[in-house]
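Have a look at the structure below, then the notes.
The values are calculated or read from the model by the stated rules, or taken from the named source; none is laboratory data. Please read these numbers as outputs of a predicted model, since none were measured by experiment. Glycine also receives a Cβ, built like all others from the backbone with ideal geometry; neighbour counts cover every protein chain displayed.
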Amino acid sequence: MTAFVAEFIGTGTMILLGGGVVANVVLVGTKGHNSGWIVITAAWAFAVFVAVTIAGPYSGAHLNCAVTLANFILGRMDLATSLSYMTAQLLGAMSGAFLVWLVYKDHFAKTNDPATKEAVFCTAPAIWNIPVNLFSEVLGTFVLVFTILHFRDAALNDLTPIGLGSIGALPVTLLVWAIGLSLGGTTGYAINPARDLGPRIMHALLPIRNKAPFNSAYAWVPVFGPFLGASLAALAYMLI
């Protein structure tokens, strides 16, 4: 598997499971209807675990344009490779969102509220306050990227690496869960430009009855905010 394919499949799987849990919780008539925020944050974290397990051996499992940007700033990737990763992530996110719609198509048809249907695909602020909303995305992504940059492989006596296999995806799983529980209540914690923009575009393209229009007044926040947060995290990592 090439790095491009790994990022595409990994990000698509993450959105399939992450968007899928939102659909299960908010759409009318599902088995998980109204099961709440804990279910959503837990499943999003577990979705990251699955995606990292798939993509990790082939691409390092960025699955997030903000993580890719941080690695580019740190000189770990060239521009062409970085843009390739971001393209794969965006396309993967769109594909995952399409599959969520396909699985829950009947429940979309039963749900009347446009904002509820849009929530399956992308984030929105709980309280509309753009400066605060932007800061929430910057801070959440800063915590995500700054912590990821400090992850280290387990070792014996600091010399012998310990192969953890798929369990090596657990730290980022717990990190995403913590961010969702602690900082996600303001904007829905996109913390990933591809995760929000890809499904947002797919929502605009799909034949969903009575859907909300593309919200250009807010759509830039979960894109620019994570990019800014990742950039600050990379700079802070270099300074420290």
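Once segment 15-47 is narrowed to residues that are loosely packed, with under 15 Cβ neighbours inside 10 Å and farther than 15 Å from residue 106 by Cα, the residue that is farthest from the chain's Cα centre (by Cα) is 34. Scanning segment 48-90 for residues that are farther than 18 Å from residue 226 by Cα and of a type in the set (A, V, I, L, M), which turns out surrounded by the most Cβ atoms within 10 Å (Cβ to Cβ)? The extreme case among them is 51. Residues in segment 93-107 include none that are among the acidic types (Asp, Glu), closer than 23 Å to residue 225 by Cα and more than 14 Å from the chain's Cα centre (by Cα).
For segment 200-208, the criterion of being in a helix (DSSP H, G or I), within 14 Å of residue 144 (Cα to Cα) and modelled with pLDDT of 95 or more is met by no residue. Summed over segment 209-222, residues that are part of a loop (DSSP other than H, G, I, E, B) and touching a residue at least 24 places away in the same chain (Cβ under 8 Å) total 5.
Hey, does segment 147-156 have a residue that's among the acidic types (Asp, Glu), part of a loop (DSSP other than H, G, I, E, B), modelled with pLDDT under 95 and on the phi > 0 side of the Ramachandran plot? Scanning segment 147-156 turns up no residue that is among the acidic types (Asp, Glu), part of a loop (DSSP other than H, G, I, E, B), modelled with pLDDT under 95 and on the phi > 0 side of the Ramachandran plot.
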